[in-house]
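Engineer: Before I ask anything, let me first share the structure, which is written out below as structure tokens.
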Amino acid sequence: MPPSGIRRFFDIAATMPNIISLGIGEPDFITPLPIRQAGIASLERGETHYTSNAGMLDLREAVAAYLTDQYDVVYDPAREILITVGVSEGLYLALTAVVDPGDEVLVPEPCFVAYKPEVSFAGGVPVPIPTYAEDSFQVTAAQLREAMTPRTKALLLGYPSNPTGAVLSRERLLEIAELAREHDWVVISDELYDRLVYSVEHVCFPSLPGMWERTILLQGFSKGYAMTGWRIGYAAAPAGLLEALYKVHQYTIMSAPTTAQVAALSALRDGDDWVAEMVAAYDQRRRCIVSGLNEIGLDCFEPQGAFYAFPSIARTRMTSEEFAEGLLHEEQVAVVPGSAFGQCGEGYIRCSYATSLENIQEALHRMERFLQRHGDL
Ligand SMILES: Cc1ncc(COP(=O)(O)O)c(C=O)c1O
């Protein structure tokens with residue numbers, strides 16, 4: 001299993017001074033103060049023990065209420081919600097629980113770096129489906145139909161997308177849902193960036209007709225609430241499916257960290273205004289980076305979710321690794337080569353705009369200089 005293509009760059013970048021990083025995939029914001037205080041208060045009350053394996057019941061109730069309010073999907077907090085150590089654990093549980101040796105899992109690309117390795121760890125075979133900027137990086141039912149075989153067990157969707165910022169339209173999702181029903185697939189839907197969408201609707205996969213019964217919904221607090229370091233998320237699925245995830249969780253993790261669970265509860269109860277503020281800031285940065293990249297000659301698809309821009313570097317005739325490495329050494333700007341997210345990511349770079357406007361502007365300026373030396377215009 002190759003190491004993550006992202007980390008290698010950050011190990012290099014960490015040793016260099018005067019770096020501007022558009023590389024790391026996490027909010028630059030600190031967790032809002034009231035959420036941190038909820039965690040601190042929990043420690044002060046001496047809440048230092050395990051919680052129930054599935055997580056605190058009041059957190060599961062708050063998660064269920066959020067999903068109903070926001071997306072009109074109903075889960076029983078007692079049997080259909082499991083608190084996990086981030087979506088990372090949720091992915092591991094879902095794939096371990098669902099995939100038998102040799103099962104194929106359809107994985108639209110470019111995608112989060114962990115998807116394909118996690119399918120392999122579970123003994124499955126990841127089947128990458130390329131998506132393209134011309135098609136707004138949205139996978140189609142026709143592509144899935146072409147890639148499926150009798151061994152196809154599951155579909156792994158990650159929208160809003162890391163690394164492209166694409167959001168799947170309702171129309172596309174309905175076609176995909178039809179196919180999933182026809183072929184009895186389990187759908188693992190990673191919706192970690194659900195709150196970070198810009199003037200478009202995020203459709204929660206289990207809210208589509210006939211999908212609740214076959215979907216494992218993975219969600220978390222890392223991105224929307226700026227809580228990456230707390231390591232907290234959840235899985236929601238019909239009791240029969242969730243039970244299988246629960247077994248793996250019970251024997252590998254026991255329970256998610258107690259302090260983080262208390263903080264997550266506070267986030268769900270009181271965090272909406274903070275989320276709205278952060279989304280407004282990301283949106284401003286998004287507009288700045290997308291127009292800036294296009295202006296310096298790197299064609300950039302307009303992302304509608306998450307906090308990544310994914311411009312094409314085709315005009316430089318460099319590979320994405322060469323580009324990222326050159327930019328890092330010559331201009332001290334860190335970006336991630338698109339090839340880290342799958343073969344069809346070659347020819348692109350991922351720029352995270354979860355950083356200040358000043359940093360974005362300075363990075364654009366440095367990239368322009370780099371392109372003047374290497375852009376093949
Ligand atoms: C699409 C996607 N899924 C899952 C994760 C893991 O998130 P968590 O911090 O909830 O484990 C990330 C983190 O970057 C991500 O981008």
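The values are calculated or read from the model by the stated rules, or taken from the named source; none is laboratory data. What you see is a predicted model, and the numbers here were worked out from it, not measured in a lab. Cβ sites come from the backbone with ideal geometry, for glycine too, and all protein chains shown count toward neighbours. All accessible areas refer to the heavy atoms of the entire protein, side chains included, with ligands and DNA or RNA removed. Shrake-Rupley method; radii C 1.70, N 1.55, O 1.52, S 1.80 Å.
The rows are residues; the columns are (1) within 16 Å of the ligand (Cβ to nearest atom); (2) in contact (Cβ under 8 Å) with a residue 60 or more places away in the chain; (3) of a type outside the set (Gly, Ala, Ser).
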| position | (1), (2), (3) |
| --- | --- |
| Cys204 | yes, yes, yes |
| Glu213 | no, no, yes |
| Ala226 | yes, yes, no |
| Thr258 | no, yes, yes |
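Engineer: OK, next. Which pairs do you get when a residue that is at positive phi, found in segment 70-82, comes within reach of a residue that is not basic (Lys, Arg), reach meaning Cβ atoms under 9 angstrom, with the pair 6+ apart or on two chains?
Structural biologist: Asp72/Cys204; Asp72/Ser207
Engineer: Can you tell me which condition Tyr234 does not meet? The list is (1) open to solvent by less than 10 Å² (accessible area, probe 1.4 Å); (2) aromatic (Phe, Trp, Tyr); (3) assigned to a helix (DSSP H, G or I), and all the others hold.
Structural biologist: (3)
Engineer: For segment 86-124, give me each residue that is within 15 Å of the ligand (Cβ to nearest atom), β-branched (Val, Ile, Thr) and surrounded by fewer than 22 Cβ atoms within 10 Å (Cβ to Cβ).
Structural biologist: Val113
Engineer: For the subset of segment 334-348 comprising residues that are more than 12 Å from Ile289 (Cβ to Cβ) and not small (Gly, Ala, Ser), which member is surrounded by the fewest Cβ atoms within 10 Å (Cβ to Cβ)?
Structural biologist: Checking each candidate, the answer is Gln343.
Engineer: Still on this structure, please answer the following. Out of the residues in segment 147-202 meeting the condition of being away from the ligand (no atom under 16 Å from the Cβ) and β-branched (Val, Ile, Thr), tell me which one is least open to solvent (accessible area, probe 1.4 Å).
Structural biologist: Residue satisfying both the conditions and the ranking: Ile176.
Engineer: Right, next: Quickly run through segment 284-333 and pick out the residues that are of a type in the set (Gly, Ala, Ser) and either open to solvent by 30 Å² or more (accessible area, probe 1.4 Å) or assigned to a helix (DSSP H, G or I) (or both).
Structural biologist: Within segment 284-333, Ser291, Gly292, Ala314, Ser320, Ala324, Gly326 meet the criteria.
Engineer: Looking only at segment 273-283, count every residue that is aromatic (Phe, Trp, Tyr) and either outside any helix (DSSP H, G or I) or within 19 Å of the chain's Cα centre (by Cα) (or both) and tell me the total.
Structural biologist: Final tally of qualifying residues: 1.
Engineer: Something else: In segment 360-377, what residues are more than 18 Å from Glu302 (Cα to Cα), open to solvent by less than 60 Å² (accessible area, probe 1.4 Å) and at pLDDT 95 or above?
Structural biologist: Ala363, Arg366, Met367, Phe370, Leu371
Engineer: Anything in segment 11-37 that is at pLDDT 95 or above, assigned to a helix (DSSP H, G or I) and open to solvent by less than 50 Å² (accessible area, probe 1.4 Å)? List them, or say none.
Structural biologist: Of everything in segment 11-37, just one residue is at pLDDT 95 or above, assigned to a helix (DSSP H, G or I) and open to solvent by less than 50 Å² (accessible area, probe 1.4 Å), namely Ile35.
Engineer: May I pose another question? Is it true that Leu67 is more than 16 Å from the ligand (Cβ to nearest atom), open to solvent by less than 70 Å² (accessible area, probe 1.4 Å) and more than 18 Å from Ser255 (Cα to Cα)?
Structural biologist: Judged against the criteria, Leu67 is a match.
Engineer: Considering only residues that are touching a residue at least 60 places away in the same chain (Cβ under 8 Å), buried (at least 17 other Cβ atoms within 10 Å of the Cβ) and not hydrophobic (A, V, I, L, M, F, W, C), which ones fall in segment 129-146?
Structural biologist: The answer is Thr131, Ser136.
Engineer: When both residues are 6+ apart or on different chains and their Cβ atoms are under 9 Å apart, which pairs have a first residue that lies in segment 45-58 and is without any contact (Cβ under 8 Å) to a residue 24 or more places away in the chain, and a second that is not aliphatic (A, V, I, L, M)?
Structural biologist: Leu57/Thr51; Leu57/Pro77
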